[in-house]
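The values are calculated or read from the model by the stated rules, or taken from the named source; none is laboratory data. Model, not experiment: these values are computed from the prediction. No Cβ is skipped: glycine too gets one built from the backbone with ideal geometry, and neighbour counts run over all protein chains shown.
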Amino acid sequence: MVSVVRPAEPADAAAIARVHVWSWRTTYRGLLPDEFLASLSEDFYEERWRRTLGDASNRVYVAETSLGVVGYASGGRERAGEDGFSGELYAIYMLEEAQGHGHGHRLVRAVVDGLLELGLLDMIVWVLRENAPARRFYEKLGGVYVREQPITIGSSLLTEVSYGWRSLDDLHF
Ligand SMILES: CC(C)(COP(=O)(O)OP(=O)(O)OC[C@H]1O[C@@H](n2cnc3c(N)ncnc32)[C@H](O)[C@@H]1OP(=O)(O)O)[C@@H](O)C(=O)NCCC(=O)NCCS
């Protein structure tokens, strides 16, 4: 199937919101309460993504096939003042049926190029501790465990862990 990874445009907000909500529902089933996942609203996230896409300090990319947008990733300046990191992979989500086809790797490459455009030379990413497949994905890309911290999502108290690349040259695809 033909697929491209390209910078997202404001017109992609609805498609990204759809992937966002549906990927959360499959990824976090069993980790977050069913009612919380069911309550996620595509309209709410469409509005939020529209604002994000209008902010030039973010880099957002979509993976698109003949079926439409099947995944997205975003990155930019590190947000929390983590020592030694200036760049961050904020989010990367694929529809369940589009996972394992190489889109994730291509999206990470795109974010890395976007960070370089912003003059950022390293990258950190946060992932739920219990999200084993995503942790393996980052580990295989050469991410080195940094630390863990608590995170509240909805009314659930969970733990997130971070992986870092002290240099973007350390990513191996
Ligand atoms: C984690 C995630 C972003 C990875 O993206 P992905 O598109 O599934 O990942 P890729 O297909 O690029 O890579 C996964 C594997 O498929 C392999 N692959 C690459 N190209 C491929 C292709 N054309 N066909 C089949 N497999 C391929 C990769 O080599 C990799 O194998 P490896 O694990 O042995 O290294 C994605 O699975 C996802 O959205 N998961 C749910 C949401 C999530 O957890 N997001 C992270 C939150 S922090």
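Computed values, structure above
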{"item": "Pairs where the first residue, in the range 24-53, is closer than 17 Å to TYR93 by Cβ and the second is at pLDDT below 95 and among the charged types (D, E, K, R), C-beta under 8 Å, 6+ apart", "result": "none"}
{"item": "Subset of the range 64-78 [in contact with a Phe, Trp or Tyr (Cβ under 7 Å, 6 or more places away or on another chain) and either acidic (Asp, Glu) or under 15 Å from ILE16 (Cβ atoms) (or both)]", "result": "GLY71, TYR72, ALA73, SER74, GLY75, GLU78"}
{"item": "ARG147 of a type in the set (Lys, Arg) and either within 25 Å of TYR45 (Cα to Cα) or away from the ligand (no atom under 16 Å from the Cβ) (or both)", "result": "no"}
{"item": "Out of TYR61, TYR72, sole residue that is touching a residue at least 24 places away in the same chain (Cβ under 8 Å), closer than 21 Å to HIS172 by Cβ, hydroxyl-bearing (Ser, Thr, Tyr) and more than 7 Å from the ligand (Cβ to nearest atom)", "result": "TYR61"}
{"item": "Contacts under 6 angstrom Cβ, first residue in the range 157-171 being over 15 Å from LEU115 (Cβ atoms) and in contact (Cβ under 8 Å) with a residue 40 or more places away in the chain, partner part of a strand (DSSP E or B) and hydrophobic (A, V, I, L, M, F, W, C), 6 or more apart", "result": "LEU158/LEU128; LEU158/ILE151; SER162/ILE124; SER162/TRP126; SER162/VAL146"}
{"item": "Subset of the range 23-41 [part of a helix (DSSP H, G or I), crowded, with 17+ Cβ neighbours inside 10 Å and not polar (S, T, N, Q)]", "result": "TRP24, LEU37"}
